[in-house]
Structures are given as C-alpha cells and as structure tokens.
Amino acid sequence: MGNRPTREFDFELPVGYMDEDGRVHRTATLRKMSGHEEAMLADRKLRQNAGKLVTELLTSCTKKLDDVTSVNRQLIADLTSADRNYLLLELRKITFGETIEANYRCPACGGTNHILEELDELPVNRADNGGPPEIMVELEDGYEDKNGEVYTTMSFRLPTGVDEEKTANIVKSNASRGTNALLSRCMVGLGDMPTNRREALGTKILGDLTMGDRARIERAFRQEMPGVDLTRELTCEHCGSPIKTTLDMKSFFSLPSAA
Ligand SMILES: [Zn+2]
C-alpha cells in the first residue's frame, strides 16, 4: 500500500481575513483544482467577469481559513485582491507546477519574448498581523472643491474581490476609467471632507486630479501594497531594449483573453 498523495496544502496569506470579532485569519488550506474547476474556466459567462471567475475558483478550492471551515462566496469576495492573487498563484503551483511559460511583447520592436518563469521565485510582501493596512497619499496639487478649498491628504483601503467584480466591466472598456472607479470605491478619506460629501463627488475627485498626483497615488499603491510582486524587468532578445512589465495572472490557467 502506497501513501495517498497530499491534495491539501496550507498557505499564509499576505494580509489575512478579519472576522466580525476583529480576529485576523491567515492560514488558508487549498486543494488542487479538478475537472469541476476546469468547467468553470471554460464557462463563457463567468469568463466575462474576471473578478467573479476568481471568486468562484477560490471558493471552490479553499477548504478552510484557520478554524473557519464554512468558506463561502461572500468570504472569498471580501478578501483583499492581494490575498486573492496570492491564492491564485499558489493554486496554479499546486495544480500545474511552479514553471510557467510567459510571453512578453517588446514595446520597441514588437517581437515576442518567451520566458520560462519560476513562480516560487516571485517575492511576496506581507502585512503585519493587524489586518488590511490603509494606504496614505500626500498630494502635491490636491483636489480643489467648488468653494476653492484644497484637500491634499488621501487614504485608501485595499481593494477586495467585491471591488474587482463591480469594476470588471468598466476596466474592460476603458482602463483609466476602471482605475478611477476602483480607487474611488477604495477611498476612505480626503482631508477633513465629510464622508457624505466625498461619496457624493464619487469618481469626479479622481478624474479632477492632476496627472502628477495620479502618478503619486499609483506609486504609493505599488510601494505599499502587500501581496505577490508581479513586476518583471527583462531585456528583449530581439533588439536588446529593456522591457518593464508585469506577469499576466490570466496566463496562470491559460485563459485566452478572459478580461
Ligand atoms: Zn525588442
């Protein structure tokens, strides 16, 4: 009699799930993908919303989160995108292995670079144990309201699966508007502006910012976001130009143009 091969694996989430009692759960138990999930990946309707597809996949393959054994759709949708992307990466590794062939198009010459990536070499930034951190940004130009008052401090919570699902369609049609929609959902503070006024202004705030301030927000997210660092820097094998890009997570499960 041989040993039954392990099909369940434990992973430590970069951020963790905070329950109603304020306890943070960080150990997720995953099982390998099966034919059931293969059917999800092929489902045309699910593939139209990448956020929903990820929620369904992870709900199906996450057995428990610490002592929480009733991992349902809502819980997975409430996880930060940092944790969801990390779980997707681990799911890919336990199911299909750690090596993936990625294709990067060179912006200078248009040539395609085929690279074998080792997924276990991607760095993972972990938050401390206090649950999801907030991201603070000091703006240089700031947001000016119609009375001429200028607000220069912005704070954001981390995006979650719910945000991914709600903004997926906007992202598909216009990436910049998609970013505005996502960021305004996640904005939790703008100087001393009252919450109801901030929420009434909505995406207008982000749209009115100068490009310099928008770049400051992007930089703050890049530097302070916990999770898997998917940024890649390589040299084009055809023309020698430097290529700065990110590893495309959709390629993890060979999803042709899912989003
Ligand atoms: Zn090139």
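The values are calculated or read from the model by the stated rules, or taken from the named source; none is laboratory data. The structure displayed is predicted, hence computed values, not measured ones. A quick note on method: Cβ atoms are made from the backbone with ideal geometry, for glycine too, and the neighbour counts reach across all protein chains shown. Just the protein is used for accessible areas: all its heavy atoms, side chains included, with ligands, DNA and RNA removed. Shrake-Rupley method; radii C 1.70, N 1.55, O 1.52, S 1.80 Å.
All but one of (1) modelled with pLDDT under 95; (2) within 16 Å of the ligand (Cβ to nearest atom); (3) open to solvent by 70 Å² or more (accessible area, probe 1.4 Å) hold for A108; state the number of the condition that does not hold. Going through the list (1) modelled with pLDDT under 95; (2) within 16 Å of the ligand (Cβ to nearest atom); (3) open to solvent by 70 Å² or more (accessible area, probe 1.4 Å), A108 breaks only (1).
Taking the numbered list (1) at pLDDT 95 or above; (2) away from the ligand (no atom under 16 Å from the Cβ); (3) open to solvent by 70 Å² or more (accessible area, probe 1.4 Å); (4) hydrophobic (A, V, I, L, M, F, W, C) in turn, F96 passes all entries but (1).
Among the residues of the stretch 235-251, write down those that are basic (K, R) and closer than 10 Å to C106 by Cα. Explain how you work it out, then say what you get.
First, the residues of the stretch 235-251 that are basic (K, R): 244, 250.
Passing the criteria: only K244.
Each row is one residue, and each column tells you yes or no for (1) open to solvent by 70 Å² or more (accessible area, probe 1.4 Å); (2) within 23 Å of V171 (Cα to Cα); (3) free of Cβ contacts under 8 Å to residues at least 24 places away in the same chain.
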{"position": "K64", "(1), (2), (3)": "yes, no, no"}
{"position": "A82", "(1), (2), (3)": "no, yes, no"}
{"position": "Y86", "(1), (2), (3)": "no, yes, no"}
{"position": "I100", "(1), (2), (3)": "no, no, no"}
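Take the conditions (1) surrounded by fewer than 19 Cβ atoms within 10 Å (Cβ to Cβ); (2) in contact with a Gly (Cβ under 7 Å, 6 or more places away or on another chain); D43 misses just one of them, which is (2).
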